[in-house]
1. From the residues in segment 417-431 that are more than 17 Å from the chain's Cα centre (by Cα) and among the polar types (S, T, N, Q), which one is surrounded by the fewest Cβ atoms within 10 Å (Cβ to Cβ)?
2. Looking only at segment 185-213, count every residue that is farther than 16 Å from ILE74 by Cα and in contact with a Ser or Thr (Cβ under 7 Å, 6 or more places away or on another chain) and tell me the total.
3. Working only within segment 522-549, note down all residues that are among the polar types (S, T, N, Q) and either touching a residue at least 24 places away in the same chain (Cβ under 8 Å) or touching a helix residue (DSSP H, G or I) at 6+ places or on another chain (Cβ under 7 Å) (or both).
4. List every residue pair whose Cβ atoms lie under 6 Å apart, where the two residues are 6 or more positions apart in sequence or sit on different chains, the first residue falls within segment 432-450 and is on the phi > 0 side of the Ramachandran plot and surrounded by 24 or more Cβ atoms within 10 Å (Cβ to Cβ), and the second residue, located anywhere, is among the basic types (Lys, Arg) and not in a helix (DSSP H, G or I).
5. Can we say LEU502 is open to solvent by 10 Å² or more (accessible area, probe 1.4 Å), out of contact with any strand residue (DSSP E or B) (no Cβ under 7 Å at 6 or more places or on another chain), of a type outside the set (Gly, Ala, Ser) and in contact (Cβ under 8 Å) with a residue 40 or more places away in the chain?
6. Please state which of the following conditions HIS533 fails to meet, knowing it meets all the rest: (1) more than 28 Å from LEU616 (Cβ to Cβ); (2) under 29 Å from the mean Cα position of the chain (by Cα); (3) surrounded by fewer than 24 Cβ atoms within 10 Å (Cβ to Cβ).
7. Select, from ALA583, ALA578, ALA571, the only residue that is of a type outside the set (S, T, N, Q), buried (at least 20 other Cβ atoms within 10 Å of the Cβ) and either out of contact with any Cys (no Cβ under 7 Å at 6 or more places or on another chain) or touching a residue at least 60 places away in the same chain (Cβ under 8 Å) (or both).
8. Considering every residue within segment 793-813, establish whether at least one is of a type in the set (Ser, Thr, Tyr), within 24 Å of the chain's Cα centre (by Cα) and farther than 20 Å from GLU627 by Cβ.
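The values are calculated or read from the model by the stated rules, or taken from the named source; none is laboratory data. From a predicted model like this one, the values you see are computed outputs, not experimental measurements. Counting neighbours? That spans all protein chains shown, and the Cβs are built from the backbone with ideal geometry, glycine included. Heavy atoms of the whole protein, side chains included, go into the accessibility calculation; ligands, DNA and RNA do not. Shrake-Rupley method; radii C 1.70, N 1.55, O 1.52, S 1.80 Å.
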Amino acid sequence: MKLTRRELLASAAAAAGAPAAISHPTARGRSFTKDALREVAFPIGGIGTGTVSLGGCGQFRDWEIFNRPGKGSILPFTFVSARFEGGGLAKPRIRVLERQPLPPFNQGDGYIRTTGLGLPRFREAVFSGSYPFAGIRFHDPKLPVAVSLEAFNPMIPLDTAESSLPVALLSYRFTSRAPSDIKLAVAFSAMNPIGFDGAGKLSQRNAPFFGKNRNEFRRQDSAAGLLMSSAKYAPDSPRHGSLAILSTGDDFSYRAAWEHGAWWDDFQKWWDEFEAKGRFASQPAPESGEGRTEYATLANHLTLAPGETRTVTFALAWHFPLRENYWSGHDQAAPPPLHNDYANRWPSAWEPAAYALNNHSRLHQATRDYRDTLYSSTLPADVIDAVSSQSCIPRTTTLMVLDGGHALGFEGCHDNSGCCPMNCTHVYNYEHTLAFLYPDLERSMRDIDFSWNMRADGSMSFRTPLPFRQGGNDFRPAADGQMGTVIKMYREWQLGGSDDWLRKYWPQVKRALEYAWVQWDANRDGLMEGEQHNTYDIEFYGPNSMTGAFYLGALRAGAEMARHLGDTAAADRYLQLAQKGAAGLDRLLYNGEYYVQKVDESKPKAKNYQYGEGCLSDQVLGQWFAEVVDLGKLLPHDHVKSALSSIFRHNFCEDFSDFPNVQRIYAMNEEKGLLLCSWPRGKRPALPFPYSDEVWTGIEYQVASHLIYEGFLREGLAIVSAVRGRYSGTNRNPWDEFECGHHYARAMSSWSLLTALSGFACSAPRKEIKFSPRINADNFRSLFSSGTAWGSYAQQRTKGKLTATIEVKGGRLELEQVRLPWTEKTARASSAAVKLAGSEARLTLHRPVRLKVGDRLTLVVTA
């Protein structure tokens, strides 16, 4: 693992005993040391598989592999340690490959001994995170060996299968500074947890759900490892599963079960054996007795010559095919368990571990290509950090992928259960990460929306019950969620959904859109006036631009889809209504500075929980979505810009020390953040909508990217820096932005920062791609993902000349048209016909191209 200069300085400061904690975003990731390690929990796992997190000190924490969240959970006596012998050492030394723990140490019975924290550890560490890679550089002046760790799970855009491996790959790197050979033993110890369902906390090996647990040593090619299972549970039980620990090498020893005894004899005997012999007995063990499980250890043995560097890689894998549907069936019999899609590929945990090790080089390189393409871009470090860090959400317990590839997501996760199931349309309106990186999974959500969740009257269930049932649940539809889902259908089609796929669902899309004329726009004036349930968990009464702009966006998207499919009557009808509604909304709701709500005071429930004359951060949310999918302007451009400027001016708080908030607390003290609403002209309701004084990262990213789209670069980046500054490692986990629960789905709006700054848009049906960088435009470089291909875009600009290069690193990209930024009065290109439109040059290629992996397309435009 190579450290950046900033990380090396941090490590040097740590070695010198410098008092300051470090949490720095850089172009190569974010670095943490000392107190800034405290809250770091880097989730490692595949899409829909769950994760185990790597703590800032190198410890395993938050074991969320059991089909449910597990914040704060540990597996007793599960850690990696190393024994060093020779190399000038007077006697062998053992170190757990973690940093010394950070305070507090205030448990009444002493610190939890099953963490193994009583054993020697390294004095200091520098943790670096550039998702999906985590790195740790350990420091201990008493050891003649430099030790570092790189951990990751394969993450490859558009390759859902390879990005859904239930595995954590951990590579420990050892470099000798000794004058003579060092005998090295690297030991991975773990509890066999099979039988545990993830609810509650494990503290010892005795529990009623344990029994008949087996730890089996196996060899396969150059790999060896332990397969942990249990014969207590049949394959149709959610508690059935397995865990595997594998490594590659020439010399292994193992202990399939630690020796038993009274008090803490088992741990003492383990330590004594490892310290004295440096090896383990390597004998098979019987399955555990009823109500008990076992601890086991796999050790990889090697020799380090002076100056030599060697790496020991472990694959930690898990396989729990069935998940308990614990969030459904409270008033009825327990529903049947759900089957994880990832489990269809493997019979046990051994196979994905072996697969990951056998293909380690390829998977590592492909994942590194993605990481390096993103992190080598010319985007600001805070933006890269926001885009990267929140791309972990689909790989946490927020998202599951069931049989058939159906993606289903909670809004977020409580400590031990999911929050607000499933696929909440109004929350997932903000999410773009999955759509651009793994469009097949996003399309599966639309399959569910426009099949199972459609009702006979055209309304949609905005949550998906499991098991699926026609019409979803019985709750009222969400105005923003239903209109947003129409725009999402348009996005998925533009990102590679076929015409046949669009045609299949078009009747339902029409019904969903036209339901607005039943419930929300009965007079068809283009304004939403009826009872409008929305993402704030209340109903708006009367016209407002938050749901209103979504409606306008849905009409525009509907018109585009209808015209493409030959439904010209519907297309004309939708477009006319969108134009009429835009004029009416602007005339009624724009107050000269921003858009407001005209509360329908004739409705008894409208007395509370509205925003009225307030400046709502989501007031032009529909226009933001339209920018991301290149639908054009829904409202007068100058008024949208004024509204955005007002949102930043009135709602961005530089210091919360004097701000009174009786609602949920997401920003405090001297932190910065964007409020959901403010009332700069007074008239704040006595009881405004419930979340108005809160700060939600998903809305912050939405507003930030919209500001950037409209040229307010400084303001947009200020919001992004405020968010990432709050998640510093000292106070919050940088890889866990929460709202109603951890890893909250709304935070995946961060992907729009990338599209805004790069000016990226694409249309697979038109075979068209667009770039228009809003930062570093003279020498710009960024990752793109179009739904059918991903890669890099670079441009160099001088007066009268633009050189643009598109390189494909995954998938295939078919192009006939390319849109590039251009402000000169004339333009020509040797390989394309050029048409000027506004501030862009539209290039129609003389010959359509189909770019595959490794191909580049370079276009030169001159005046």
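1. If we take residues in segment 417-431 being more than 17 Å from the chain's Cα centre (by Cα) and among the polar types (S, T, N, Q), then SER417 is surrounded by the fewest Cβ atoms within 10 Å (Cβ to Cβ).
2. Looking only at that region, the number is 5.
3. Within segment 522-549, GLN532, ASN534, THR535, ASN544, SER545, THR547 meet the criteria.
4. none
5. Criteria not met by LEU502.
6. (1)
7. On the way: ALA583 fails: buried (at least 20 other Cβ atoms within 10 Å of the Cβ); ALA571 fails: buried (at least 20 other Cβ atoms within 10 Å of the Cβ).
None of the others qualify; the one that does is ALA578.
8. no
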